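Asker: Got a structure for you, questions after.
Nothing in this text is a laboratory measurement; each read-out follows from the coordinates by a stated rule. Owing to the predicted nature of the structure, the values given are computational and were not obtained by experimental measurement. Don't worry about glycine lacking a Cβ; one is built from the backbone with ideal geometry, like all the others, and counts go over all protein chains shown.
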Amino acid sequence: SPFIVPVLRRKVAAVIERAGFLPASHDRKDLVQTLETYPRDDLFQIDIDHLFEIAMGILRLQERRRVRLFVHREPYGRFVSCLVFIPRDRYTTQVRERIAHFLVDAYGSRGYEWNTRLSDSTLARLHYVLHLEAPAIDTVDVAELEKLIAAAARAWADDLRDALIASRGEETGLDVLRAWTDAFPPAYR
């Protein structure tokens, strides 16, 4: 636990205090859980301001089924740490590899490590650590990169839903979607 390691305990306590949640509140418990499960190597290297920003972003994400990307650059520019949250049912090896490809291309990485955290949450957390040849590139548009990752995590049914709503309107499109979503074999999709 980061609450056992003195340097981490001070950092985590500062983030919790800065958040200003009541001691017994659900938000505080969720924040503590987020900090408890935050990648340890990143906790040692990240400053309090950036940790607060990322932790609050994760907390705001909660159980929303949306894709989010949080980036932390290691102080010496040799590594970039990327936390990617995607709906758990969209997590596949193919999606994980596609996301890695986007991250490696964006940062010009020479290699990467990854791990996945699946819990009771509706979201899967993918953690990529990109190894850089040169110091981290500050010109990466994280919002655009997040859009690419969101597109990579989309399922065929999402595209079908959008097409049906666009062509038939929301009410009729959703009715048709319920009838036809599972009607197409995987090879066709």
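Asker: Using a 10 angstrom Cβ neighbour count of at most 10 plus a DSSP loop assignment to flag exposed GluC sites (Glu not before Pro), which longest range of the chain is free of such sites?
Answerer: Result for the longest clean stretch: 64-132.
Asker: Build a GNM of the chain with springs between Cα atoms under 10 Å: which of 72, 127, 26 gets the top mean-square fluctuation?
Answerer: Per the Cα network of the chain with a 10 Å cutoff, 26 tops the list.
Asker: How high is the relative contact order of the chain, given as a whole-number percent (alpha carbon pairs under 8 Å, six or more residues apart)?
Answerer: In percent, rounded to a whole number, it is 17.
Asker: Let me ask something else. If I build a Gaussian network model for the chain, linking alpha-carbon pairs within less than 10 angstrom, which residue out of 108, 77, 169 has the largest mean-square fluctuation?
Answerer: Fluctuation is largest for 169.
Asker: Consider a paramagnetic label point 7 Å from the Cα of residue 26 along Cα→Cβ; state which residues of segment 50-76 have an amide N under 16 Å from it.
Answerer: Taking a point 7 Å out along Cα→Cβ of residue 26, the residues of segment 50-76 whose backbone N falls under 16 Å are 59-65.
Asker: Out of 44, 128, 82, whose Cα points farthest toward the positive end of the dipole of the chain (charges: +1 Lys, Arg; -1 Asp, Glu; placed on Cβ)?
Answerer: Selected residue: 44.
Asker: Taking each pair of different alpha-carbon atoms in segment 83-131 once, compute 1/r for the pair, average those values, and report the inverse of that mean as the Kirkwood hydrodynamic radius in Å to one decimal.
Answerer: 11.1 Å
Asker: Evaluate the distance, in nm, between pseudo-label points positioned 7 Å from the Cα of residue 76 and of residue 158 along their respective Cα→Cβ axes.
Answerer: Here the modelled spin labels are 3.7 nm apart.
Asker: For the chain, what is the calculated [θ] at 222 nm in deg cm²/dmol (nearest 500), taking -39500 (n - 2.57) for each run of four or more DSSP H residues and dividing by its residue count?
Answerer: -15500 deg cm²/dmol
Asker: Would you calculate the separation in nanometres between label points at residue 151 and residue 175, each defined as 7 Å from the Cα along the Cα-to-beta-carbon direction?
Answerer: Label-label distance for residue 151 and residue 175, simple model: 3.3 nm.
Asker: Residue separation times 0.36 nm, minus the C-alpha to C-alpha distance between residue 89 and residue 7: what's the value?
Answerer: This chain segment gains 25.9 nm when fully extended.
Asker: Can you give the percent of C-alpha pairs in segment 1-67 whose distance is more than 18 Å?
Answerer: Taking all Cα-Cα pairs of segment 1-67, the fraction more than 18 Å apart is 31 percent.
Asker: Picking from 160, 126, 35, which is most flexible by a Gaussian network model of the chain using Cα springs under 10 Å?
Answerer: 160
Asker: Also, quick follow-up: About the Cα centre of the chain, what is the dipole size in debye to 20, counting +1 per Lys and Arg Cβ and -1 per Asp and Glu Cβ, all else neutral?
Answerer: Roughly 400 debye for the chain.
Asker: I would also like to ask the following. Let me see the pair-distance distribution of segment 107-185: every alpha carbon pair, 5 Å bin width, integer percents in order.
Answerer: Calculated over all Cα pairs of segment 107-185, the distribution is 3, 11, 13, 16, 14, 13, 11, 8, 7, 4, 1 percent.
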